[in-house]
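**Q** Can you read through this structure? Questions will come right after.
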Amino acid sequence: DQQVKQNSPSLSVQEGRISILNCDYTNSMFDYFLWYKKYPAEGPTFLISISSIKDKNEDGRFTVFLNKSAKHLSLHIVPSQPGDSAVYFCAASPISSSNTGKLIFGQGTTLQVKP
Amino acid sequence: GAGVSQSPSNKVTEKGKDVELRCDPISGHTALYWYRQSLGQGLEFLIYFQGNSAPDKSGLPSDRFSAERTGGSVSTLTIQRTQQEDSAVYLCATREGTYNSPLHFGNGTRLTVT
């Protein structure tokens, strides 16, 4: 049961253009969403997050949009740079009685930004 | 400051042997998580520690997997009688303790079972 889905395994964009990475989730109890970036042989690094009380959060070139009714999350990178080439993971955290704060991750999307 | 440190970075072992993977968290981070990433897959939750106790072990795939944490600091993930399907990158992540804050990951241990 994949609660967080990234349906595009890969994405290729030209340097300077916009990169849009998408994520869908099934659990309406998720209330906190994050994007992580991962380079080969390194651990995932936190990029940006959004709480379910918001529909947009922006940090420099990175903007995350949340559409709760559609259970859809997206990450926009503008302008894209070759150094952004990495695997991007969407993650979500459920409200639960145990409140462990664990994150549920999608399968990842490999972004390639071409010079 | 120092980040999450994991050792070894790579481990090759023969099927049937036991392995121990170590995680040194960021100082003061009370919450600690183990994940694994199999080839081409996302990150799969294994176990969560708050201090030395593990209130959520729901992700451990079999009784061959166990983990402990001592002194609210270092954690060890042990895999007994390793199988080829255990081959993956095992990642440790910690958090200061505040819910709805990011996890900070180590670089992982790449385990290969031959």
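Values in this text are rule-based calculations from the coordinates and carry no lab data. Because the structure is a prediction, the values reported are computed rather than measured. In this analysis, Cβ positions are derived from the backbone assuming ideal geometry, glycine residues included, and neighbour counts consider all displayed protein chains.
**Q** With the crude spin-label approximation of a point 7 Å out along Cα→Cβ, what separation in nm comes out for A:Ser74 versus A:Lys56?
**A** 1.2
**Q** How large is ³J(HN,Hα), in whole Hz, for each residue of region B:60-73 in order, when computed from phi with the Karplus curve 6.51 cos²θ - 1.76 cosθ + 1.60 and θ = phi - 60°, using x for Gly and Pro?
**A** Working through the residues one at a time gives 5, x, 7, 6, 6, 9, 8, 8, 9, 9, 10, x, x, 10 Hz.
**Q** Could you work out the pair-distance distribution P(r) of region B:5-113 from its alpha-carbon pairs, with 10 angstrom bin width and percents rounded to whole numbers?
**A** Spelled out bin by bin, region B:5-113 gives 16, 51, 28, 4 percent.
**Q** Cross-link list A:Lys38/B:Lys57; A:Lys37/A:Lys68; B:Lys17/B:Lys57: which exceed 29 angstrom alpha carbon to alpha carbon?
**A** The pairs that break the limit, which is 29 Å between Cα atoms, do not exist here.
**Q** I would also like to ask the following. At 7 Å along Cα-to-Cβ for each site, give me the label-to-label distance between B:Ser5 and B:Thr112 in nm.
**A** Rounded to a tenth, the inter-label distance reads 2.6 nm.
**Q** Where the only charges are on Cβ atoms (+1 Lys, Arg; -1 Asp, Glu), what is the dipole of chain A about its Cα centre, to the nearest 20 debye?
**A** So the dipole magnitude of chain A works out to roughly 80 debye.
**Q** Would you mind giving the mean number of other chain beta-carbons within 10 Å of the Cβ of each residue in A:35-42, as a whole number?
**A** What the average comes to for A:35-42 is 3.
**Q** Mind checking the mean number of beta-carbon atoms from other chains within 10 Å of the Cβ atoms in B:100-109?
**A** Average neighbour count from other chains, rounded to a whole number: 6.
**Q** Could you estimate the translational diffusion coefficient of region A:1-99 from the Stokes-Einstein equation, with Rh from the Kirkwood formula over C-alpha pairs, at 10 °C and 1.306 mPa s, in whole µm²/s?
**A** 113
**Q** State to the nearest 20 debye the size of the charge dipole of the protein assembly as shown about its Cα centre, where the only charges are +1 on K and R beta carbons and -1 on D and E beta carbons.
**A** Dipole magnitude for the protein assembly as shown comes out near 200 debye.
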